[in-house]
Amino acid sequence: MTILLIIIGAAIGAPLRYLTDRAVQARHDSVFPWGTWCVNVAGSFLLGLLVTGLAEGGVSSGVMTTLGTGFCGALTTYSTFGYETFRLFEDGSKAYALMNVVGSIVAGLAAAVLGGLVAYAVWH
């Protein structure tokens with residue numbers, strides 16, 4: 001059953017990542033990978049919400065498996081983040097590469113904390 005829940009979440013998260021990335025990137029005339037940045041920050045927020053929700057008893061383990069492992073696992077992408085950062089550096093956009101690394105880490109952690117705070121406020 002666990003594998004099925006992960007497959008369901010991933011089947012939704014992966015296409016949503018692709019579509020979101022394309023839609024966001026199409027709206028920016030920049031080499032900065034805004035689409036990947038957005039899905040990673042959104043996924044971090046949702047994961048913070050889910051983990052805290054699970055700890056507070058407001059989220060079931062099945063929801064955590066489906067959304068946390070399956071959906072967020074497929075929505076967010078460390079490999080694309082790494083590839084795009086390397087590509088920026090290699091293409092001479094070193095400032096954008098550094099901005100991608102620092103911005104992704106800071107925004108991702110802040111989003112996860114914010115998600116956790118929202119969950120705590122809702123379920124505590």
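The values are calculated or read from the model by the stated rules, or taken from the named source; none is laboratory data. Remember, it's a predicted structure, so these values are computed and weren't measured experimentally. FYI the Cβ positions are ideal-geometry reconstructions off the backbone, even for glycines, and counts take in every protein chain you see.
What are the residues in the stretch 72-124 that are buried (at least 17 other Cβ atoms within 10 Å of the Cβ) and aromatic (Phe, Trp, Tyr), if any?
If the condition is that a residue be buried (at least 17 other Cβ atoms within 10 Å of the Cβ) and aromatic (Phe, Trp, Tyr), then Phe81, Tyr96 are the ones that fit.
Given the residues Gly73, Gly108, Gly92, Gly35, which is the only one that is of a type in the set (Gly, Ala, Ser) and on the phi > 0 side of the Ramachandran plot?
Working: Gly73 fails: on the phi > 0 side of the Ramachandran plot; Gly108 fails: on the phi > 0 side of the Ramachandran plot; Gly35 fails: on the phi > 0 side of the Ramachandran plot.
When all the criteria are applied, what remains is Gly92.
When only residues in the stretch 28-46 that are of a type outside the set (A, V, I, L, M, F, W, C) and under 17 Å from Leu88 (Cβ atoms) count, which is surrounded by the fewest Cβ atoms within 10 Å (Cβ to Cβ)? I'd like the intermediate steps shown before the answer.
Keep residues of the stretch 28-46 that are of a type outside the set (A, V, I, L, M, F, W, C), which gives 28-30, 33, 35-36, 40, 43-44.
Restricting the remaining residues to those that are under 17 Å from Leu88 (Cβ atoms) gives 28-30, 33, 35-36, 40.
On the way: His28: 11, Asp29: 6, Ser30: 10, Pro33: 23, Gly35: 22, Thr36: 24, Asn40: 24.
Applying the filter and picking the extreme gives Asp29.
I'm checking my understanding of the structure. Among residues of the stretch 47-71 that are in a loop (DSSP other than H, G, I, E, B) and either touching a residue at least 12 places away in the same chain (Cβ under 8 Å) or not small (Gly, Ala, Ser) (or both), which one is surrounded by the fewest Cβ atoms within 10 Å (Cβ to Cβ)?
Filtering the stretch 47-71 for residues in a loop (DSSP other than H, G, I, E, B) gives 56-60.
Narrowing the set further to residues that are either touching a residue at least 12 places away in the same chain (Cβ under 8 Å) or not small (Gly, Ala, Ser) (or both) leaves 56-59.
Values: Glu56: 15, Gly57: 9, Gly58: 16, Val59: 19.
Ranking the qualifying residues of the stretch 47-71, first place goes to Gly57.
Within the stretch 25-40, how many residues turn out to be under 15 Å from Thr80 (Cβ atoms), not in a loop (DSSP other than H, G, I, E, B) and not aromatic (Phe, Trp, Tyr)? Spell out the reasoning first.
Initial filter on the stretch 25-40 (under 15 Å from Thr80 (Cβ atoms)): 25, 31-40.
Subsequent filtering for residues that are not in a loop (DSSP other than H, G, I, E, B) retains 25, 34-40.
Imposing the further condition that a residue be not aromatic (Phe, Trp, Tyr) reduces the set to 25, 35-36, 38-40.
Number of matching residues: 6.
Just to check your reading of the model, which residue among Thr2, Thr20 is closer than 23 Å to Val118 by Cβ, modelled with pLDDT of 95 or more, surrounded by fewer than 20 Cβ atoms within 10 Å (Cβ to Cβ) and of a type in the set (Val, Ile, Thr)?
Working: Thr2 fails: closer than 23 Å to Val118 by Cβ.
Unique residue meeting the criteria: Thr20.
What's the number of the condition Asn100 fails, among (1) in contact with a Gly (Cβ under 9 Å, 6 or more places away or on another chain); (2) over 15 Å from Gly9 (Cα atoms); (3) at pLDDT 95 or above?
With respect to (1) in contact with a Gly (Cβ under 9 Å, 6 or more places away or on another chain); (2) over 15 Å from Gly9 (Cα atoms); (3) at pLDDT 95 or above, Asn100 is out only on (1).
When you go through Gly35, Gly62, Gly92 one by one, which is the residue that is within 16 Å of the chain's Cα centre (by Cα) and either at pLDDT 95 or above or closer than 20 Å to Gly115 by Cα (or both)?
Details: Gly62 fails: within 16 Å of the chain's Cα centre (by Cα); Gly92 fails: within 16 Å of the chain's Cα centre (by Cα).
After applying the criteria, what remains is Gly35.
Which pairs do you get when a residue that is more than 13 Å from Val39 (Cα to Cα), found in the stretch 77-89, comes within reach of a residue that is at pLDDT 95 or above and not hydrophobic (A, V, I, L, M, F, W, C), reach meaning Cβ atoms under 6 angstrom, with the pair 6+ apart or on two chains?
What qualifies is Glu84/Pro33; Glu84/Thr36; Thr85/Asn100; Leu88/Tyr96.
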